[in-house]
1. How big is D, in µm² s⁻¹, for the stretch 4-91 by Stokes-Einstein at 25 °C and 0.890 mPa s if Rh is the Kirkwood radius over C-alpha pairs?
2. Please list, by residue number, everything in the stretch 6-42 whose backbone N is under 20 Å from a paramagnetic label point 7 Å out along Cα→Cβ of GLU159.
3. Sum -39500 (n - 2.57) across every DSSP H segment of at least 4 residues in the chain, then divide by the residue count to get the 222 nm mean residue ellipticity, nearest 500.
4. Using just the Cα positions, wrap the stretch 32-162 in a convex hull and report its mean projected area in square nanometres, one decimal place.
5. Which FRET efficiency, nearest 0.05, do ARG39 and ASP121 yield, Cβ-Cβ r, R0 35 Å?
6. Go through the stretch 99-171 and name the trypsin sites (Lys or Arg not before Pro) that are in a DSSP coil and have 13 or fewer other Cβ atoms within 10 Å of their Cβ.
7. Rounding to the nearest 20 debye, state how big the charge dipole of the chain is about its Cα centre with +1 on each Lys and Arg Cβ and -1 on each Asp and Glu Cβ.
8. Kindly rank 67-73, 9-15 from highest to lowest mean number of other beta carbons found within 10 Å of each residue.
Amino acid sequence: MRVSIGCDHIVTEVKNHLVKYLESKGHEVVDNGTFDKKRTHYPIYGKNTAEKVTNGEADLGVVICGTGVGISISANKVKGARAALVGDIETARYAKENLNANIIAMGGRIVGVGLIENIMDVFLETEYNKTPEKEEIIKKIDILGGNEEQSNNEHFFDEFIEKWDRGEYHD
Ligand code: RB5
């Protein structure tokens, strides 16, 4: 499977571990960064990772930040993204089986690496159990959101990143 992955600077090691884990299982990984521990901001990686899924470059996505909250909310702002923030196997299964979640989000400071691997396995292995009722609900979710200026615009955060680099923002 082709898996798009992204994280913020708080959990780079966790993301790197997961990249190796996925590759060891034969998956093709699209790593959207971040690649070091230099302070950055999760909306960039939530957007980039989700867009690789919604534009078909990847089959599924995984986003990780400290809690998983900021990056999952960001990923969900991309039209067509259905990112599920989970910390257990059963919720991961539910998200894929019932809502055909196309992105899994986790808190790298909350969930241990072993459980992250297990959640990832379950998310990738579980099949969407398609029914007309579920399709209706998913259709209702998918018509929400989407922003013309943001969609597939790789420069959308340029001004934000420049300000970030000048030290205008802090955690
Ligand atoms: C750090 O920016 C931290 O706020 C982030 O990793 C995450 O926990 C937010 O949900």
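1. D, rounded to a whole number, is 192 µm²/s.
2. In the stretch 6-42, the label zone of GLU159 (backbone N under 20 Å from the point 7 Å along Cα→Cβ) covers 41-42.
3. Theoretical 222 nm ellipticity from helices: -13500 deg cm²/dmol.
4. That works out to 8.1 nm².
5. So the FRET efficiency works out to roughly 0.65.
6. When the trypsin sites (Lys or Arg not before Pro) of the stretch 99-171 are filtered for loop state and at most 13 Cβ neighbours within 10 Å, ARG109, LYS130, ARG166 remain.
7. I would put it at about 220 debye.
8. Top to bottom by mean Cβ count within 10 Å: 67-73, 9-15.
All of the numbers you see were taken from the coordinates with simple rules; none came from a lab. Because the structure is predicted, anything quoted here is derived from the model rather than measured. Note: ideal-geometry Cβ built from the backbone for every residue, glycine included; neighbour counts use all protein chains shown.
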